[in-house]
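For reference, the structure discussed in these notes is given below.
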Amino acid sequence: MTPSGNELRRTLGVRDAVVVGLGSMVGAGVFSALGPAARAAGTGLLPALALAAVVAYCNAMSSARLAARYPASGGTYVYGRERLGPFWGYLAGWAFVVGKTASCAAMALTVGAYVWPGQAHAVAVAAVVVLTAVNYGGMQKSAWLTRVIVTVVLAVLAAVVVVCLTSARAAAGRLDVGLSSGAGGMLQAAGLLFFAFAGYARIATLGEEVRDPARTIARAIPLALGIALAVYACVAVAVLTVLGADRLGHAVAPLADAVRAAGVPGLVPVVRAGAAMAALGSLLALILGVSRTTLAMARDGHLPGALAAVHPRFQVPHRAELAVGAVVAVLAATVDVRGAIGFSSFGVLAYYAVANASAWTLSPAPAARVAPVAGLLGCATLAFALPAVSVAAGAGVLAVGVAAYGVRLWARRRGE
């Protein structure tokens, strides 16, 4: 079927949808998230990873059911609007767009830091421009580039795992698993690690570009999540075995430190290149997701209506993509936001809390409500277990969005 002028082209099958999800999850997070998580959890890193995966699985099941019912761009923004009302959809969309825009800038700066540290801002802007151009050219081009990036990153991670687990240090070492930092530390680490799993939502936000969404999304989301969990678990075990929880918790570049400690310093440049590729993959998927949610919110009047335009040839939300790219490029050129996006994890968990609440309304059957309830409770627990600064920043961002919604609603009612 040929899409109408304001609809996106359905080109993604199961494989491409899984790759898009993996490009978001197996991204720069695996190169950097393990350190802060280990610092919070100590020997509880692996239990924290398992807890984050369980919460992510519940969210994934809720998202898959909702995406099959509402196969439109926007993800939880659409689900919240349709199942809970306009305000909740708007709140989810606001949390996603603001938080992920900052994440885009952070990923762009990560690329710059690995490729050319002395010119990180310039490289970051160049990366944003190139990837925005790729997205502008159509979903198939984006999916092809994501496949290349995911293949390279997985190969690098496989090399890290093999080198670490076959090293003399691993043979002489011992994998410590426990709760040295207590339950609070484990919960905080799970909240940090959850951010690394959140990329599967990109499959749902691209629902309008997926063929046979009821079948494709239901298969792609759990597949992508399962592969990502297997990769994270293997990498975490390998790095913990070589470095130990304490050293891992203080590592700036955990995977590079791990291969160096394993006695293969020659692999460090390869790991750095893999980290840059991973950040590119995350940035590509983030721009895709933010632009599609921007499109959905513009269609409903929460953002300027011009952003709802769809390119007549490429069938992509070209104005939304250009706007997102421009904002991210400005941030990447002027501000170092890598250390200032703690609220992003809080926003992601708020976003999925709305998704689970929406899924709860799909069926009154008790069995159908187990995953949404578990996911909602898990999101709330992990959100408020984050560092206090992250909670305060995230709550502040949501409050600004609520105020903007209230002002717009008041102005609209006055004009009637």
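The values are calculated or read from the model by the stated rules, or taken from the named source; none is laboratory data. Quick caveat, the model's predicted, so the values are computed rather than measured. For neighbour counting, all protein chains shown are included, and Cβ atoms are generated from backbone atoms with ideal geometry for every residue, glycine included.
Kindly evaluate residue 268 against the criterion of being surrounded by fewer than 24 Cβ atoms within 10 Å (Cβ to Cβ), touching a residue at least 40 places away in the same chain (Cβ under 8 Å) and assigned to a helix (DSSP H, G or I).
Working: surrounded by fewer than 24 Cβ atoms within 10 Å (Cβ to Cβ): yes; touching a residue at least 40 places away in the same chain (Cβ under 8 Å): no; assigned to a helix (DSSP H, G or I): yes.
Considered against the rule, which asks whether it is surrounded by fewer than 24 Cβ atoms within 10 Å (Cβ to Cβ), touching a residue at least 40 places away in the same chain (Cβ under 8 Å) and assigned to a helix (DSSP H, G or I), residue 268 comes out as no.
From 76, 101, grab the single residue that is surrounded by fewer than 24 Cβ atoms within 10 Å (Cβ to Cβ), of a type outside the set (A, V, I, L, M, F, W, C) and under 14 Å from the mean Cα position of the chain (by Cα).
On the way: 76 fails: surrounded by fewer than 24 Cβ atoms within 10 Å (Cβ to Cβ).
Every option except 101 fails the conditions.
Out of the residues in segment 1-31 meeting the condition of being farther than 22 Å from residue 145 by Cβ and either touching a His at 6+ places or on another chain (Cβ under 6 Å) or of a type in the set (Ser, Thr, Tyr) (or both), tell me which one is modelled with the highest pLDDT.
Step one: filter segment 1-31 for residues farther than 22 Å from residue 145 by Cβ, giving 1-7.
Among the residues that remain, those that are also either touching a His at 6+ places or on another chain (Cβ under 6 Å) or of a type in the set (Ser, Thr, Tyr) (or both) are: 2, 4.
Numbers: 2: 43, 4: 49.
Step by step, filter segment 1-31, then rank; the result is 4.
Given the options 260, 247, 292, 313, name the one that is without any contact (Cβ under 8 Å) to a residue 40 or more places away in the chain and in contact with an Asp or Glu (Cβ under 8 Å, 6 or more places away or on another chain).
Details: 260 fails: in contact with an Asp or Glu (Cβ under 8 Å, 6 or more places away or on another chain); 292 fails: without any contact (Cβ under 8 Å) to a residue 40 or more places away in the chain; 313 fails: in contact with an Asp or Glu (Cβ under 8 Å, 6 or more places away or on another chain).
Testing whether each residue is without any contact (Cβ under 8 Å) to a residue 40 or more places away in the chain and in contact with an Asp or Glu (Cβ under 8 Å, 6 or more places away or on another chain) leaves just 247.
Give just the number: which of (1) surrounded by 24 or more Cβ atoms within 10 Å (Cβ to Cβ); (2) out of contact with any helix residue (DSSP H, G or I) (no Cβ under 7 Å at 6 or more places or on another chain) does residue 44 not satisfy?
All conditions are met except number (2).
Is it true that some residue in segment 228-246 is in contact with a Phe, Trp or Tyr (Cβ under 7 Å, 6 or more places away or on another chain) and either under 16 Å from residue 66 (Cβ atoms) or not β-branched (Val, Ile, Thr) (or both)? Talk me through it step by step, then tell me what you get.
Taking segment 228-246 first, the residues in contact with a Phe, Trp or Tyr (Cβ under 7 Å, 6 or more places away or on another chain) are 228.
Checking the rest, the ones that are also either under 16 Å from residue 66 (Cβ atoms) or not β-branched (Val, Ile, Thr) (or both) come to 228.
Within segment 228-246, one or more residues are in contact with a Phe, Trp or Tyr (Cβ under 7 Å, 6 or more places away or on another chain) and either under 16 Å from residue 66 (Cβ atoms) or not β-branched (Val, Ile, Thr) (or both).
Determine if segment 136-153 includes at least one residue that is touching a strand residue (DSSP E or B) at 6+ places or on another chain (Cβ under 8 Å) and either of a type in the set (Phe, Trp, Tyr) or in a helix (DSSP H, G or I) (or both).
Here is the first cut: in segment 136-153, the ones touching a strand residue (DSSP E or B) at 6+ places or on another chain (Cβ under 8 Å) are 139, 143.
Then drop every residue that is not either of a type in the set (Phe, Trp, Tyr) or in a helix (DSSP H, G or I) (or both), which leaves 139, 143.
Looking through segment 136-153, at least one residue is touching a strand residue (DSSP E or B) at 6+ places or on another chain (Cβ under 8 Å) and either of a type in the set (Phe, Trp, Tyr) or in a helix (DSSP H, G or I) (or both).
Specify the residue that is farthest from residue 14 (Cα to Cα); the eligible residues are those in segment 174-210 that are at pLDDT below 70 and among the aliphatic types (A, V, I, L, M).
Filtering segment 174-210 for residues that are at pLDDT below 70 and among the aliphatic types (A, V, I, L, M), the one farthest from residue 14 (Cα to Cα) comes out as 201.
If I filter segment 69-118 down to residues being at pLDDT below 95 and in a loop (DSSP other than H, G, I, E, B), which single residue comes out as nearest to residue 255 (Cα to Cα)?
This residue is 116.
Quick one: is residue 324 closer than 22 Å to residue 248 by Cβ, of a type in the set (A, V, I, L, M, F, W, C), assigned to a helix (DSSP H, G or I) and touching a residue at least 40 places away in the same chain (Cβ under 8 Å)?
On the way: closer than 22 Å to residue 248 by Cβ: no; of a type in the set (A, V, I, L, M, F, W, C): yes; assigned to a helix (DSSP H, G or I): yes; touching a residue at least 40 places away in the same chain (Cβ under 8 Å): yes.
Criteria not met by residue 324.
Could you please give the count of residues in segment 126-152 that are hydroxyl-bearing (Ser, Thr, Tyr), under 19 Å from the mean Cα position of the chain (by Cα) and closer than 27 Å to residue 333 by Cβ? I'd like the intermediate steps shown before the answer.
Of all residues in segment 126-152, those hydroxyl-bearing (Ser, Thr, Tyr) come to 132, 136, 142, 146, 151.
If we keep only those that are under 19 Å from the mean Cα position of the chain (by Cα) too, we end up with 132, 142, 146, 151.
After this cut, where a residue has to be closer than 27 Å to residue 333 by Cβ as well, the list is 132, 142, 146.
Residues meeting the conditions: 3.
Just checking, how many residues over segment 369-391 are free of Cβ contacts under 8 Å to residues at least 40 places away in the same chain and either in contact with a strand residue (DSSP E or B) (Cβ under 8 Å, 6 or more places away or on another chain) or not β-branched (Val, Ile, Thr) (or both)? Break it down into steps so the answer makes sense when it comes.
Residues of segment 369-391 free of Cβ contacts under 8 Å to residues at least 40 places away in the same chain: 369-370, 373, 376-377, 380, 384, 388.
Filter again for either in contact with a strand residue (DSSP E or B) (Cβ under 8 Å, 6 or more places away or on another chain) or not β-branched (Val, Ile, Thr) (or both), leaving 369, 376-377, 380, 384, 388.
Summing the residues that are free of Cβ contacts under 8 Å to residues at least 40 places away in the same chain and either in contact with a strand residue (DSSP E or B) (Cβ under 8 Å, 6 or more places away or on another chain) or not β-branched (Val, Ile, Thr) (or both) in segment 369-391 gives 6.
Okay, residues lined up against (1) under 30 Å from residue 182 (Cβ atoms); (2) under 22 Å from the mean Cα position of the chain (by Cα); (3) modelled with pLDDT of 95 or more:
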{"position": "382", "(1), (2), (3)": "yes, yes, no"}
{"position": "387", "(1), (2), (3)": "yes, yes, no"}
{"position": "391", "(1), (2), (3)": "yes, yes, no"}
{"position": "403", "(1), (2), (3)": "no, no, yes"}
{"position": "414", "(1), (2), (3)": "no, no, no"}
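Scanning for something part of a helix (DSSP H, G or I) and either acidic (Asp, Glu) or farther than 30 Å from residue 138 by Cβ (or both), does segment 18-27 turn up at least one residue? Give the derivation first.
Start the filter on segment 18-27 by keeping residues that are part of a helix (DSSP H, G or I), which leaves 18-25.
Subsequent filtering for residues that are either acidic (Asp, Glu) or farther than 30 Å from residue 138 by Cβ (or both) retains none.
No, because not a single residue in segment 18-27 is part of a helix (DSSP H, G or I) and either acidic (Asp, Glu) or farther than 30 Å from residue 138 by Cβ (or both).
Somewhere in segment 354-361, is a residue more than 30 Å from residue 49 (Cβ to Cβ) and at pLDDT 95 or above?
Step one: list which residues in segment 354-361 are more than 30 Å from residue 49 (Cβ to Cβ), which gives 361.
Pick out the ones that are also at pLDDT 95 or above and you get 361.
Within segment 354-361, one or more residues are more than 30 Å from residue 49 (Cβ to Cβ) and at pLDDT 95 or above.
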